[in-house]
Amino acid sequence: MKPLIDVCGISAVIWLVLLSTGCSTVVNSHLQKEPVMAAYCGGRGGEALQVVEERLDDSSWFDTSVVGTGDELVWRLEAGSLNFVMGRWRESLEQFRLAETLITGYDERARISLRDVGAETGSALTNPNALPYRGWCRDRMALAVYKSLAYLGMGKEDAFRAQLRRLRAEQKKVQDEYREFFEQQKAELAAAKRQDRSTVERAEKSATEDKMIGDDRNTEFASGLQDVRRIAHKGYGGFLNPLAIFLSGLGSVRDGNFDNARIDFRRLYAAMPGNPMVRKYYVSALARSGRPFPAGLQNETPFPFPLDRDCVYVIAAHGRGAALRQISVYFPIMTAWPMCEFYDAPFTRISAAAGGAEYETLPISDMDGILAQEFEERLPMMIVRIAVGTALKEAAKYAATYAAAQENELLGAGVFLAASLYTAAVNTADTRCWESLPKEFLLTQFPMPADRRVVIALTGPRGNLERTVTLPDRCRSAILFVNAPSPHNVAVQILPFSSK
């Protein structure tokens, strides 16, 4: 009976490791969120939020609560945006503050600390889901944007402006942390190589993009990567989020500091030189700060109305943003792999009618392009890390089987079976990302209408929709936030400026 007892003991240890690592270690995050996103896109925001809040209930049983696990951050981000689009500003800010605390905690850890050693061990035994989710660059900048707008939704203009003043620094911080992230990954690979040089070096040689694409079994990877590269050129370099730059400039405009606004709108123009609305913002700031127009903008005209007062800005969060799905890749062992998943835009045009005129929204931030660009930049290191992790698990499985078989053939067979079941269970891609972000942000602006009435029109292949809002008298100016992930879920939030 001893071999049977030993096999049971080994199995118990394996499942204990599984349960002690991240919640997405066995079932990938994208699958976990399917009920949330189905409810959200179906216009059942309360139902979506309820599912998310259940995952964030630390009194729940350990297989449902993500509190205290490496997955907590990504669920906090979902809770923040879902509360936001429902106008629950205080709850939204609380979730975003908790998310920021988690991010700061992860970023401030020493490169080698007791906590991270444990996480890296879990990663070697399981998959990248065992490491804490630290957020894609797209997520981190979007957090800062939503947090600033939530303050405005509460009517806290001072807090809104203070948050906007931090946006420039947030962009630089994201870039620095991204470099740090890559340095840490290189250090982890070096540590793995010190433990098992031959296995790691063989994995590194097999882990090339050309070999993966050249394998006939990897057609899904090849076509997915083709889509990523088609969309990645819509990104802006340096992980810029133009909406964040715009809001920073808007804060300076509202403060009457047109020279600072000029700097932000110049950066915006550099990122989107062909966008006619961006060009107008830049020359409007140049004109108000008494600066000459540069070559190429000599014929541009500023906006014919003031931007710093009595103005309505429409920001439309359009469509469902890119997520990560799990696919299978062979090199040569079948391995679960994350791949970008892009969703069709639900509308072809979003416009606002006010004061007898119509104003079409134009793209200000392609969120799909931002994620695709970062995915492409991470890809070479991702290939090596996943290949090395897969090879190390296979090597450990055969080493354990051989050692057990020396003692007893039945025990060796049992260890091999248990280890095979284990490696199959943890063959899970890291698909964690913030899924309730939009596909793109759109923008337009116009003078406050005398009747304070604005009609938002959304044109799509399945028909047209309208939403009408009347701005209250306390709104001297306002941002109208149009959330439109699908034709079944379209809502307009009024974010008021009462000062001017």
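Every number here is computed from the coordinates shown, using simple stated rules; none is lab data. None of these values were measured; they are calculated from a predicted model. Don't worry about glycine lacking a Cβ; one is built from the backbone with ideal geometry, like all the others, and counts go over all protein chains shown.
Tell me the net charge near GLU47. Cut-off is 14 Å between Cβ atoms, GLU47 excluded, with +1 for each Lys or Arg and -1 for each Asp or Glu.
Result for the neighbourhood of GLU47: -1.
In whole Hz, with x marking every Gly and Pro, tabulate ³J(HN,Hα) for segment 370-376 from phi via Karplus 6.51 cos²θ - 1.76 cosθ + 1.60, θ = phi - 60°.
5, 5, 4, 5, 5, 4, 5
Taking 7 Å along the Cα-to-C-beta vector as the label spot, tell me the ALA169-ARG202 distance in nanometres, rounded to one decimal.
Between ALA169 and ARG202, the label points sit 5.1 nm apart.
Over 14 Å apart: what share of the alpha carbon pairs of segment 225-292 falls there, rounded to a whole percent?
58 percent
Local charge sum around ILE263 (other residues, Cβ-Cβ under 11 Å, Lys/Arg +1, Asp/Glu -1)?
Every neighbour counted, the sum reads +3.
Is there a pair in LYS147/LYS280; LYS156/LYS234; LYS172/LYS234; LYS439/LYS500; LYS33/LYS234; LYS33/LYS211 whose C-alpha atoms are over 30 Å apart, and which pairs would that be?
LYS156/LYS234; LYS439/LYS500; LYS33/LYS211
If you count, for each residue, the other Cβ atoms within 10 Å and average over each peptide, how do 432-438, 312-318, 348-354 line up from highest to lowest?
My ranking of the peptides, most packed first, is 432-438, 312-318, 348-354.
Work through the residues other than ARG291 whose Cβ is under 11 Å from its Cβ and net out their charges, Lys, Arg +1 and Asp, Glu -1.
Result for the local shell: +2.
For a paramagnetic label modelled at 7 Å from the Cα of LYS234 toward its Cβ, which residues of segment 316-359 fall within the zone defined by backbone nitrogen distances under 18 Å?
What the label zone holds, given the 18 Å backbone N cut-off, is 316-325, 339-351.
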